[in-house]
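Taking it in order: structure first as structure tokens, then the write-up.
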Amino acid sequence: LDHSPALELLVDAQGTVGGATGVNRQTGETWVVRAGAVVIATGGCAFLSKALGCNVLTGDGQLMAAEVGAAMSGMEFSNAYGLGPAFSSVTKSLFYNWATFYDRDGQAIEGAGSSRGRSVIAQNLQTQPVFACIDRADAQIRAWMRTAQPNFFVSFDRQGIDPFTQHFPVTLRLEGTVRGTGGLNLVDPTCATSVRGLYAAGDAATRELICGGFTGGGSHNAAWALSSGFRAGAGAAAFGKDARSRASRTLRRAGGVAIATRGAEGSDSQAVVSAVQAEVFPYERNWFREGPVLEASLARLDALWTRLRHGAPAACASGAVRAREAAAMLATARWMYRSALQRTE
């Protein structure tokens, strides 16, 4: 179902997931799919930070799963920032291992680096621009880079910048639970969640099982996407086959915020998104994470969640999609900060 985002899951009287429902963005029509099992493969949440490939990843699948009782895990491992040019959405950071980082005066910043030293970059970005130059790569390495990741260079070529000889501004874009680790908790090798009939794969699921608290944009996460997709698909298929005898079961919609609320006052989805971004984008809040700072953010996020829970539902299909995205981002921010506060070490 293309251009047809899911909005909520369907469950039976025993709480077993039996399908999903959503809307077609082009026609506004509602669709319903009954199924023996459901796999959440919606990716993580990058908070609309404009990182390449991430601006459709707003945590919707985790919100739908949480509404039927699914547990999360590793949500404290959710402050992954991708390093990239300030003028580009590309956050592939491998080549920055050959880069030197400079301040506005052209002086090398001590301790700044990609694999190690991003905290130094984040610290400097709070007060001044940071520049990079991939000036430690020899001719052979430069030629290899061009063939290994050609799209890394597209934005440079369009602007006439030679990243090997010229300084260019860099930034850190929040990729949250996409490049991070947290997601739906898995209870067995079939990638089942804590709710019967519900499975998870890829960045929608926790990746702690393969690498603890650290992952990356490719490597671990790419291998995990393939292997968890295979296992979740097989697990859901087996469960669904057994569920065919229950095909006549009665299902109910399980969605809540923004689609099943009964308040009179509506909310501005873009305002909600902006409010969430104001709490999760700043390095001084989400990167360095100090208890009082997180508690202050949570107080504002919790108050916003209360308003959404008691607000009016979206009035149209497109409004429902935007409202659910905003609600999912808000829920993700609350989960990750509340989890982070438990990690006093």
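The values are calculated or read from the model by the stated rules, or taken from the named source; none is laboratory data. Note that the coordinates shown come from a computational prediction; the quantities given were computed from them, not determined experimentally. Note that we place each Cβ from the backbone using ideal geometry, even for glycine, and neighbour counts take in every protein chain shown. Each accessible area value is taken on the protein alone, full model and side chains, heavy atoms only, with ligands, DNA and RNA left out. Shrake-Rupley method; radii C 1.70, N 1.55, O 1.52, S 1.80 Å.
How big is the dipole moment of the range 1-157 about its Cα centre under a simple scheme where the beta carbon of each Lys and Arg is +1, that of each Asp and Glu is -1, and everything else is neutral? Debye, nearest 20, please.
400
Which ³J(HN,Hα) values, rounded to whole Hz and listed in residue order, are derived for the range 119-131 from phi using the Karplus coefficients 6.51, -1.76 and 1.60 in 6.51 cos²θ - 1.76 cosθ + 1.60 with θ = phi - 60°, glycine and proline given as x?
These are the phi-based 3J(HN,Hα) values: 4, 5, 4, 4, 4, 5, 5, 5, 10, 7, x, 10, 10 Hz.
Tally Lys and Arg at +1 and Asp and Glu at -1 over the other residues with C-beta under 15 Å from the C-beta of R262: what net charge comes out?
Around R262, the charge tally is +2.
Springs between alpha-carbon pairs under 10 angstrom, Gaussian network model over the chain: which of L57, L226, L294 fluctuates most?
L226
Considering only A41, Q149, Y337, whose Cα is most displaced toward the positive end of the charge dipole of the chain, charges sitting on Cβ of Lys, Arg (+1) and Asp, Glu (-1)?
A41
Under 8 Å for C-alpha pairs, at least 6 residues apart: give me the relative contact order for the range 80-176, rounded to a whole percent.
41
Restricting to Cα pairs below 8 Å that are 6+ residues apart, what does the relative contact order work out to for the chain? Please round to a whole percent.
Dividing the mean separation by the residue count of the chain yields 24 percent.
Which whole-number percentage describes the relative contact order of the range 148-206, with Cα contacts under 8 Å and a sequence gap of 6 or more?
Here the relative contact order equals 24 percent.
Which residues does the label zone of H220 cover in the range 31-67, counting backbone N under 11 Å from a point 7 Å along Cα→Cβ?
Nothing falls inside the zone, counting backbone N under 11 Å.
In a shell of Cβ-Cβ distance under 12 Å around F153, excluding F153 itself, what net charge do Lys and Arg (+1) and Asp and Glu (-1) give?
Combined, the nearby Lys, Arg, Asp and Glu give +2.
Expected output is a single nm value to one decimal: the length gained when fully extending between D242 and K50, i.e. 0.36 nm times separation in residues minus the C-alpha distance. What is it?
64.9 nm
Stokes-Einstein at 4 °C, 1.567 mPa s, Kirkwood radius from Cα pairs: D for the range 270-314 in µm² s⁻¹?
In µm²/s, the coefficient rounds to 114.
Give, rounded to the nearest 20 debye, the magnitude of the charge dipole that the chain has about its Cα centre when Lys and Arg contribute +1 at Cβ and Asp and Glu contribute -1 at Cβ.
For this selection, approximately 840 debye.
What is the set of long-range amide H partners of V23 at a cut-off below 5 Å, with H atoms built 1.01 Å from backbone N?
For V23, the qualifying residues are L7, W31.
Work out the charge dipole of the chain with +1 on the Cβ of Lys and Arg and -1 on the Cβ of Asp and Glu about the Cα centre, then indicate which of S114, W224, T100 is farthest towards its positive end.
Farthest along the dipole direction, towards plus: W224.
For the chain, what number results from the quotient of the Cα radius of gyration and 2.2 N^0.38 Å?
1.06
Per residue of the range 173-190, in order, report the coupling 6.51 cos²θ - 1.76 cosθ + 1.60 (Karplus, θ = phi - 60°) as ³J(HN,Hα) in whole Hz, putting x for Gly and Pro.
After applying 6.51 cos²θ - 1.76 cosθ + 1.60, I find 9, 5, 10, x, 8, 7, 7, x, 10, x, x, 5, 6, 10, 9, 7, x, 8 Hz.
Please report the carbon-and-sulfur percent of the accessible area for the range 80-176; probe 1.4 Å, protein heavy atoms only, DNA, RNA and ligands left out.
Exposed carbon and sulfur together represent 47 percent of the surface.
Write down the Kirkwood hydrodynamic radius of the range 80-176, to one decimal in angstroms, obtained as one divided by the mean of 1/r over all alpha carbon pairs.
One over the average 1/r among Cα pairs gives 13.4 Å for the range 80-176.
Rolling a 1.4 Å sphere over the protein heavy atoms, what is the accessible area per residue of the chain, to the nearest Å²?
Roughly 46 Å² per residue, with all protein chains present.
Could you sort 146-152, 100-106 so that the peptide with the highest average Cβ count within 10 Å comes first and the rest follow in order?
Final packing ranking: 100-106, 146-152.
Rank these residues by their accessible area, most exposed first, probe 1.4 Å: E76, E345.
E345, E76
How much accessible surface does E208 have with a 1.4 Å probe, in Å² rounded to 10?
Roll a 1.4 Å probe over it and E208 shows about 50 Å².
Set Lys and Arg Cβ to +1 and Asp and Glu Cβ to -1, take the dipole of the chain about its Cα centre, and tell me which of L172, A238, N286 lies farthest positive.
Of the candidates, A238 comes out farthest on the positive side.
Using the crude model of +1 on Lys and Arg Cβ and -1 on Asp and Glu Cβ, and no other charge, please compute the dipole size for the range 80-176 relative to its Cα centre, in debye to 20.
260
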